[in-house]
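Asks: Dumping the structure here so I can ask a few things about it.
The values are calculated or read from the model by the stated rules, or taken from the named source; none is laboratory data. Just so it is clear, the structure is predicted and the values come from calculations on it, not from any experiment. Cβ atoms come from the backbone with ideal geometry, glycine included; neighbour counts cover every protein chain shown.
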Amino acid sequence: MRRQLLPAIKVMAALLVLCCGIYPTAVWAVGLVAFKHQADGSFVSVKGRVVGSSLIGQNFTDKKGNALPQYFQPRPSAAGASGYDATASSGSNLGPSNPVLIKTVAERAKVYRSFNGLPPNTPVPVDAVTASGSGLDPDISIANALLQAPRVAKARGLPTAAVVALVRSHVTGRPLGFLGERSVNVLELNLALDAPGR
């Protein structure tokens, strides 16, 4: 027994040092050197003040939790009680045939159409009525952004064409050139709207 136990303990100790010490430290060091911005949280600052992260979605609401019409709104979030809680990242885990999800999507579509001044039969992009897997997705589809553009333009007193052009200038390509869809980062788009001279 001792002959088998001693080598097992040595292997376990070596793997513990390798997997729990050397490997995480190496990944952390490579991240700091090669991907410093992402490793530091991809924080976005305005005038020296951190206003969010380009990798984590956030709400654009007033103190009462009402969506602000002068800003593009992100996709819904199931992370935490009120959404966008980075400490409670998760999806709703409701399947497509779940009655709760079906009802929630119908309600969100109705609110989306009303908030954006759209006719009752307007097709609503799926990302406008469903939460992402993490609940913290910072991006929306181009279709979602374009449907919100007239509302944002009206709230800011800008020509709709100018806001649409701003949306199109903030479209990012597919990750690695072939994954997913082209999208628009909501925080970056809203900060561009708030830029001086806009």
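Asks: Any idea which of Ala86, Ala78 is under 14 Å from the mean Cα position of the chain (by Cα), closer than 22 Å to Gly41 by Cα and surrounded by 17 or more Cβ atoms within 10 Å (Cβ to Cβ)? Break it down stepwise before answering.
Replies: Values: Ala86 fails: surrounded by 17 or more Cβ atoms within 10 Å (Cβ to Cβ).
Of Ala86, Ala78, the one residue that is under 14 Å from the mean Cα position of the chain (by Cα), closer than 22 Å to Gly41 by Cα and surrounded by 17 or more Cβ atoms within 10 Å (Cβ to Cβ) is Ala78.
Asks: Select from region 158-195 the residues that are of a type in the set (S, T, N, Q) and part of a helix (DSSP H, G or I) and write down the one among them that is surrounded by the fewest Cβ atoms within 10 Å (Cβ to Cβ). Before you say what the answer is, go through the steps one by one.
Replies: Looking only at region 158-195, we keep the residues that are of a type in the set (S, T, N, Q), and these are 160, 169, 172, 183, 185, 190.
When the remaining residues are screened for being part of a helix (DSSP H, G or I), the result is 160, 169, 190.
Working: Thr160: 14, Ser169: 10, Asn190: 21.
The selected residue is Ser169.
Asks: What about Phe60, is it closer than 30 Å to Gln148 by Cβ, surrounded by 10 or more Cβ atoms within 10 Å (Cβ to Cβ) and touching a helix residue (DSSP H, G or I) at 6+ places or on another chain (Cβ under 7 Å)? Step through it out loud before you land on a result.
Replies: Values: closer than 30 Å to Gln148 by Cβ: yes; surrounded by 10 or more Cβ atoms within 10 Å (Cβ to Cβ): yes; touching a helix residue (DSSP H, G or I) at 6+ places or on another chain (Cβ under 7 Å): yes.
Yes, satisfied.
Asks: Which of (1) at pLDDT 95 or above; (2) farther than 18 Å from Pro74 by Cα; (3) of a type outside the set (Val, Ile, Thr) is the odd one out, the single condition Leu176 does not satisfy?
Replies: That leaves (1) as the condition not met.
Asks: Same structure, new question: So which residues in region 60-92 are among the small types (Gly, Ala, Ser) and closer than 16 Å to Tyr112 by Cβ? It would help to see each step written out before you state the result.
Replies: If we filter region 60-92 for residues that are among the small types (Gly, Ala, Ser), which is where we start, we get 65, 67, 77-83, 86, 88-92.
Listed by number, the residues that qualify are Ala67, Ser77, Gly83.
Asks: Just for region 112-131: of the residues that are free of Cβ contacts under 8 Å to residues at least 40 places away in the same chain and surrounded by 15 or more Cβ atoms within 10 Å (Cβ to Cβ), which one is farthest from the chain's Cα centre (by Cα)? Can you show your working first?
Replies: Going residue by residue through region 112-131, those that are free of Cβ contacts under 8 Å to residues at least 40 places away in the same chain are 112-114, 116-126.
From what is left, the residues that are surrounded by 15 or more Cβ atoms within 10 Å (Cβ to Cβ) are 112-113, 116, 118, 124-125.
Values: Tyr112: 18, Arg113: 21, Asn116: 20, Leu118: 24, Val124: 18, Pro125: 16 Å.
So the residue we want is Leu118.
Asks: Can you pull out every residue in region 63-119 that is small (Gly, Ala, Ser), assigned to a helix (DSSP H, G or I) and either modelled with pLDDT under 85 or not assigned by TED's automatic domain parsing to the domain that holds Asn144 (or both)?
Replies: Of all residues in region 63-119, those small (Gly, Ala, Ser) come to 65, 67, 77-83, 86, 88-92, 95, 97, 106, 109, 114, 117.
Next, only the ones that are assigned to a helix (DSSP H, G or I) stay: 86, 88, 106, 109, 114.
Correct list: Ala86, Ala88.
Asks: If you don't mind, there's one more thing I want to ask. Looking only at region 41-56, which residues are at pLDDT 80 or above, closer than 16 Å to Asn185 by Cα and assigned to a loop (DSSP other than H, G, I, E, B)?
Replies: Ser54, Leu55
Asks: Kindly establish whether Ala26 is out of contact with any strand residue (DSSP E or B) (no Cβ under 9 Å at 6 or more places or on another chain) and either surrounded by fewer than 13 Cβ atoms within 10 Å (Cβ to Cβ) or part of a helix (DSSP H, G or I) (or both).
Replies: Details: out of contact with any strand residue (DSSP E or B) (no Cβ under 9 Å at 6 or more places or on another chain): yes; either surrounded by fewer than 13 Cβ atoms within 10 Å (Cβ to Cβ) or part of a helix (DSSP H, G or I) (or both): yes.
Yes.
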